[in-house]
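A short worksheet on the structure shown next.
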Amino acid sequence: MLLQKICFALLLSLLLPLSTTLAQEERTEQDDKTEVILSVKIKKGNTLIGKQLAWTDTHIVLEVEGIGKVNISLDEVDQVQIINDNYTDGEYWIPMVRTPQLLFSPSGYGPKRSEIYYRNTLLILNQFDFGVTDYFSVGILFELVSPLFEQQTPVIAITPRFTIPIEKDKVNIGVGGYLFGAPNTGRLIDLSIINGVVTYGTIDRNFSVGVGWAIIEGEFSSNPGITLSGIYRFNNGIAILTDNYFIAPDDVAVGSFSLGVRLIRKNVSWDFSLLFVDELEEQFDTENRFVPSASFIVPIN
């Protein structure tokens, strides 16, 4: 157990400076691209998307599909964004939300620097995630059952996470955890969970495999939890996703399997899913139940 703790501490000490270096390298790579796709918001309210042909002190020149060359005075411009990562098969896609979790399981993607996301699940579970750098984020998770129905302090979790690209838009790893504090226990941290995940694919179409351990009273759990999750985006507005976990303690195995759909809009994304929870005892007697879930994710900035 001591060796696990030492290895985890050393890994965290290396990831933060590494994440800063990778962020600088990615911005340099973006600057070196010969073809840049811009989203230009005009003060009157229209937005033009196209390939940048020129950008001077007074004008931006775009090649817009279906229109041709467009010359835009900077005096008329309200906002300009580089959207190369959101231009797919000649079509602009609304950026996918970059929350550190898909539905429940962690992902190898996370918020970019200064991005903030708010997620609400079933009007009870709330989560804020903030991108400290392009590859390190911190979140806070809290529920509303305790204060609303039991007049108690809510259960709160702090969720630090590193998300490091091994190969851009192809292989990412994520390392992080959950630090839970429960009301009226007299302890600052009642339960910790550390986990790691490998994500293969882009932010819009990927598959993740992860493993995690609980830490209770300073001791690692002997049996890890395994997570399998993925998302596949069909078009600008719809994606399907699945989020599954499996835990095998000494006497009972517990699994959760889910299938859902994500509706992607400019200012909010909606997740609707059905969870199948299965408790498998040693004799394979089962207790099964289906649990519907709904959540929404809002980018705050």
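Coordinate-derived values only; no laboratory data. Predicted, not measured: the structure shown is a model, and the values here were computed from it. Cβ coordinates were reconstructed from backbone atoms using ideal geometry, including for glycine residues, and neighbour counts include every protein chain displayed.
Quick notes on this one:
- Size descriptor for the range 103-245, Kirkwood hydrodynamic radius: 16.3 Å (Cα pairs only, one decimal).
- Sorted fewest first by neighbouring Cβ atoms within 10 angstrom, V261, V97 come out as V261, V97.
- On the basis of the beta-carbon distance and an R0 of 45 Å, E65 and A182 show a calculated FRET efficiency of 0.25.
- Ranking of R205, R262 by neighbouring Cβ atoms within 10 Å, starting from the fewest: R205, R262.
- Estimated FRET transfer efficiency (V80, N120; beta-carbon r; R0 25 Å; 0.05): 0.20
- With each label modelled as a point 7 angstrom along the Cα→C-beta vector, the W270-L144 pair spans 1.8 nm.
- Arranged from fewest to most other beta-carbon atoms within 10 Å of their beta carbon, S39, S114 become S114, S39.
- Label zone of A54 (point 7 Å out along Cα→Cβ, amide N under 15 Å): in the range 71-112 this covers 71-74.
- Long-range HN-HN contacts of A182 with modeled amide H, under 5 Å: D190
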